[in-house]
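Reviewing the structure listed below.
The values are calculated or read from the model by the stated rules, or taken from the named source; none is laboratory data. Computed from a predicted structure; not experimentally measured. FYI the Cβ positions are ideal-geometry reconstructions off the backbone, even for glycines, and counts take in every protein chain you see. Only protein heavy atoms, including side chains, enter the accessible area calculation; ligands, DNA and RNA are left aside. Shrake-Rupley method; radii C 1.70, N 1.55, O 1.52, S 1.80 Å.
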Amino acid sequence: MKTRPARLDRGLTATTALVLLLAGCGDSSPETSDAGGSATGGESTTIANADWHSARGEDLLATSNCTACHAASDTVRARIGAAAGPEVLGDGGVGSRLSPAAIRARLGAHGGELGLRMPDLLHGLPEEERALATDELVHFLASQGGPLGPDDALLELPTAAVAQGEFLWTSIGCTACHGADAAEALGMESLAAAWTRPALQRFLADPASVHRAGRMPSFNLSDDEAAALSAYLLSTADGSTVVRSRPGLRLEFWNGGFQGMGPMDETRPADLEDRVDVPGVGPGAGRENFGVRLTGEIEIPTDGRWNFFLTSDDGGGLRIGDTIVVDHGGIHAPSAKRGAIDLTAGRHPITISMFEAAGGEELSLSWSGPGVERQPVPAAAFSSDLAVIDPGWEPFELDESLAKAGMRRFATLGCGACHVPGMPLLGDLATLPPLGSLTAGKGCLAADVPAAAPDFGFTDAERSLLGEVVANAAALDEPLPADIAVVHAMTSLDCIACHARPGVGGPTPEMLARFTSNDDAELGDEGRIPPALDDVGNKLRVEMIADILANGTKVRPYMHARMPVFASPLVANLPTDLAATDAIAADGREPTFTPELATIGHTLVGTDGVSCVQCHTAGGHPALGVPAVDLASMHRRLRPGWFRKHLLDPQKTNPGTRMTAFWGNGGTDRIFPEILGGDPVKQVDAIRSYLSLGDSMPL
């Protein structure tokens, strides 16, 4: 298997470079990856590599947004998944997201070397006019929601947030498309030179708000996760970093159980990060089963012996410098415990931790010392350091006359073809030949692009791919058969960067090592690596595939990788195309439900039967052992035929699974002869009948 290089999506829309969409889930090909170690069981259609090659050519056509200028039928546009570019105008326009310098840089380089598809529309102008046109466009675009200035660029990045963001970057799936090194993978030395943290955070939380039909997916990040991921990506800044003290303490919050003094020395990235004026439970108020750690410095007014009174519910602890001053560990009601330490006047490092098991929750700190009666430690005594990054944005003064001229340039150059749906093309752009009349090697497909044509920076290989497509343009008016439509969608969205499909795809060895799971998920590779998509249209119900694609629904909560949610129109027909490609009609028989059959299934699922509950959670109730997929979700997820074959011969449907072959490989063994005559098929159908009760099934 060859290593997939760190890269952006090779086929982003024609304007992605303008807003640096961090575009992920981009491209894979049969030449750069192999099958990823999973087999089909011999029942899925295997798509020839030639079809994947063809799909890449059409995908490049779509992501270069050729149909924005060259007319094409609705059939063609639907087939290739053509989509408009990101929003750049208005109050939420590009000027509210990117620095003027970043806008200028993207206008000055088409980004072809990075796989971006921002065309250079100015390459044919004389040098002086090109410089003027660039200035005009920069001022116009910077005025759209901006311009942003140096004060917007200053960053205060808590260490905890950066650590959590790095964990998200490496674990949820970003690196499958971008690679491990954020700055290198995103093609720039510093994201902080282009983005403000609020703008990047908003984009990461909801990419479709910027680019409604883009390739950058949503990972269902919470506000705190988007803030942490933006902090990590911006922490690669190539600017001046200084440490400054700020009032208050840094608060880190973890979900989950703790003992002793709580997360005093926890090394995992926090689930939430905040700042507080004085010690308290912060986001833990009203919650159970969590841990909190506060760090920073405490200002001691005078030399002498100081008493500290830590009140906690449940366990808590106080450390000043390297000394544990108060150990108030264990589960207990709210109570105070005293500790004393000799301190000199001035600032001292302080760490306070506590955990909550159940019931009420409380945390506070009081002190007494030379000349100070016992009282709560005042907010003025606490401070903590933050890394303050100045990426060195240059001051920018908006020139209204240049901005007005830039607006005219924007219209006459045809920028609106990608960015403003419905905006008419002007002048010669209005008479460009339709897509079906293009000639390979001419215009923007030429090795030496004419001055009047946009320069996309296509490589020789990309021009060859596009040449093949336009040479057979008549074929584009034919709707894709389902199996090839699956190939197109999975190529465009780079599904095969994380998932194997017959003959192609699957994670690279480097990516395999990055997939992780919760510590308590003792499921091996099944618990950390996204499942193969071999036979997936025969495995999952159509409505479940649609739910997964639309909402990122996951049934493996122990797996850190997340299913991305795409706004792309390419996902609209993917569920039915997968079913048409993979599903076996003869496998559609659903067992007839009867209460008696469900009762038998209940017995078989339990510890007196094949003991499914040993490994599977059931309606949210924990498994007796490892926490595999919840039984209550199976009936609404899985097709009856695949479910039947999986239980009877799990190694055939999922090679390498830890699922036990209770009925022998192929369902040849007759177990529990007293139940349904020992018939394996009838016993499996009884289990399915019981599981059809879903969340209401009795335990």
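Counting the residues of the stretch 285-315 that are among the β-branched types (Val, Ile, Thr) and within 29 Å of the chain's Cα centre (by Cα) gives 1.
Within the stretch 649-667, count every residue that is open to solvent by 30 Å² or more (accessible area, probe 1.4 Å), modelled with pLDDT of 80 or more, farther than 15 Å from CYS612 by Cβ and out of contact with any Gly (no Cβ under 6 Å at 6 or more places or on another chain). The total comes to 3.
Has the stretch 254-268 got at least one residue that is assigned to a strand (DSSP E or B), at pLDDT 90 or above and touching an Asp or Glu at 6+ places or on another chain (Cβ under 6 Å)? Among the residues of the stretch 254-268, at least one is assigned to a strand (DSSP E or B), at pLDDT 90 or above and touching an Asp or Glu at 6+ places or on another chain (Cβ under 6 Å), which makes the answer yes. Check the stretch 452-465 and report whether any residue there is surrounded by 23 or more Cβ atoms within 10 Å (Cβ to Cβ), of a type outside the set (Gly, Ala, Ser) and within 27 Å of the chain's Cα centre (by Cα). No: zero hits.
Here the condition is being open to solvent by 70 Å² or more (accessible area, probe 1.4 Å) and either in contact with a Cys (Cβ under 7 Å, 6 or more places away or on another chain) or not in a loop (DSSP other than H, G, I, E, B) (or both); of ASP483, ASP448, ASP428, it holds for ASP428 alone.
Being crowded, with 16+ Cβ neighbours inside 10 Å, touching a residue at least 60 places away in the same chain (Cβ under 8 Å) and farther than 22 Å from ALA482 by Cβ is a description that applies to GLY552. With respect to the conditions (1) open to solvent by less than 70 Å² (accessible area, probe 1.4 Å); (2) of a type in the set (Asp, Glu); (3) over 19 Å from TRP642 (Cα atoms), GLU596 falls short on a single one, namely (1). Scanning the stretch 283-308 for residues that are under 27 Å from HIS332 (Cα atoms) and polar (S, T, N, Q), which turns out surrounded by the fewest Cβ atoms within 10 Å (Cβ to Cβ)? It comes out as ASN289. Scan the stretch 200-218 residue by residue and report those that are part of a loop (DSSP other than H, G, I, E, B), within 29 Å of ASN255 (Cα to Cα) and either touching a His at 6+ places or on another chain (Cβ under 8 Å) or open to solvent by less than 20 Å² (accessible area, probe 1.4 Å) (or both). Within the stretch 200-218, PRO217 is the sole residue that qualifies. The set of residues from the stretch 66-108 being assigned to a loop (DSSP other than H, G, I, E, B), more than 23 Å from ALA430 (Cβ to Cβ) and at pLDDT 85 or above comprises GLY90, ASP91, GLY92, GLY93, ARG97, SER99. Just one of (1) within 22 Å of LEU533 (Cα to Cα); (2) surrounded by fewer than 19 Cβ atoms within 10 Å (Cβ to Cβ); (3) in contact (Cβ under 8 Å) with a residue 40 or more places away in the chain fails for ILE675. It is (1). Restricting the search to the stretch 589-637, which residues are at pLDDT 80 or above, among the small types (Gly, Ala, Ser), closer than 27 Å to LEU549 by Cα and touching a Leu at 6+ places or on another chain (Cβ under 8 Å)? If the condition is that a residue be at pLDDT 80 or above, among the small types (Gly, Ala, Ser), closer than 27 Å to LEU549 by Cα and touching a Leu at 6+ places or on another chain (Cβ under 8 Å), then ALA632 is the only one that fits. Quick check on the stretch 331-353. Is at least one of its residues in contact (Cβ under 8 Å) with a residue 60 or more places away in the chain and open to solvent by 40 Å² or more (accessible area, probe 1.4 Å)? No - not one qualifying residue is present in the stretch 331-353. Looking at the stretch 604-617, can you tell me whether even one residue there is charged (D, E, K, R) and assigned to a helix (DSSP H, G or I)? Looking through the stretch 604-617, none of the residues is charged (D, E, K, R) and assigned to a helix (DSSP H, G or I).
Note on the stretch 124-198: enclosed helices (runs of 4 or more DSSP H) holding 1 or more residues that are within 30 Å of ALA497 (Cβ to Cβ) and either polar (S, T, N, Q) or modelled with pLDDT under 90 (or both) are 159-171, 174-178, 182-185.
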